[in-house]
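For reference, the structure discussed in these notes is given below.
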Amino acid sequence: MATNASVRRPVKDHAALEYEAPFLLEKLVKDRVVDETGEGQALFTEVKRYLVLTRLDHRDVAWEMYSRRVDEVWHQFILFTREYSDFCDEYFGGFVHHRPSNAPAMSPNRSLRPSSFSSFGARYREVFGHALPECWMDARSITPDRRLISNEAGRLVVSEGLGRASLIRQDGTILFSVDAIALEALAFVASTPAFYVRELPGDLTDEERCAVAETLHEQRLLRIAP
């Protein structure tokens, strides 16, 4: 996941949280990144809070980005290059770079504490006075109408035995095992690059489809589509 780069001047307290971007919210809805404006506003608020935290703590820890959904809204904001650059200059004193997880490795800074989700949550509560909202827990946003991407579609096989169905890598590594009632759903995941949860086949309720999708998401076999 992404981390931030250092910037130059002290952050202006929490003033960045007051910044509004109606143009971004319009794009999020138009491109179906979110279902409605309120959802986009909530995720954009978390982008701003994340940037505030990374600036406040950039000498102590490089916070990882722990939500693909929040991260996607950050991506979308960056696409408005002039507005994003002006926002960074105004509130953080310089451009805040985005580093994808596969970016070229930087020299390790041994003075920085390691980032973890629990420590990020604790620091978030300390700074903002409440716990991380649910939008940081990506799996909880999975509904029958949520579109997902299969990270390893075409590289997995499905097996059945002793009443269980399993997703297996071609080297034989078992990645996920569940009651055989989900066999058709797993075969679909193994072969389909992108789909809506409601499209998972088999004799499953919507609740069971969501449960399978949530577990596969937690194991990083599925990710939420923008």
>> Would you confirm, using the coordinates I've provided, whether residue 70 is within 19 Å of residue 137 (Cβ to Cβ), assigned by TED's automatic domain parsing to the domain that holds residue 30 and either at pLDDT 95 or above or of a type in the set (Asp, Glu) (or both)?
In response: no
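Every residue, every condition in (1) in contact (Cβ under 8 Å) with a residue 12 or more places away in the chain; (2) buried (at least 16 other Cβ atoms within 10 Å of the Cβ); (3) within 25 Å of residue 210 (Cα to Cα), yes or no:
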{"residue": "112", "(1), (2), (3)": "yes, no, no"}
{"residue": "115", "(1), (2), (3)": "yes, yes, no"}
{"residue": "130", "(1), (2), (3)": "no, no, no"}
{"residue": "144", "(1), (2), (3)": "yes, no, yes"}
{"residue": "148", "(1), (2), (3)": "yes, yes, yes"}
{"residue": "156", "(1), (2), (3)": "yes, yes, yes"}
{"residue": "160", "(1), (2), (3)": "yes, no, yes"}
>> Show me the strands (runs of 3 or more DSSP E) found entirely inside region 128-174 where at least 2 residues are within 13 Å of the chain's Cα centre (by Cα).
In response: 147-150
>> Of the conditions (1) surrounded by 20 or more Cβ atoms within 10 Å (Cβ to Cβ); (2) assigned to a helix (DSSP H, G or I); (3) in contact (Cβ under 8 Å) with a residue 60 or more places away in the chain, residue 83 satisfies every one except a single condition; which number is it?
In response: (1)
> Considering region 36-60 alone, what residues qualify as being surrounded by fewer than 19 Cβ atoms within 10 Å (Cβ to Cβ) and more than 25 Å from residue 140 (Cα to Cα)?
Replying inline: 56, 57, 59, 60
> Of the conditions (1) among the polar types (S, T, N, Q); (2) farther than 26 Å from residue 66 by Cα; (3) touching a residue at least 40 places away in the same chain (Cβ under 8 Å), residue 192 fails just one. Which one is it?
Replying inline: (2)
>> I'd like to verify a number: residues in region 175-203 that are under 17 Å from residue 218 (Cβ atoms) and either in a helix (DSSP H, G or I) or aromatic (Phe, Trp, Tyr) (or both), how many?
In response: 6
> For residues in region 3-34 being at pLDDT 80 or above and among the acidic types (Asp, Glu), which is nearest to the chain's Cα centre (by Cα)?
Replying inline: 31
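The values are calculated or read from the model by the stated rules, or taken from the named source; none is laboratory data. All values reported here derive from a predicted model rather than from experimental measurement. Counting neighbours? That spans all protein chains shown, and the Cβs are built from the backbone with ideal geometry, glycine included.
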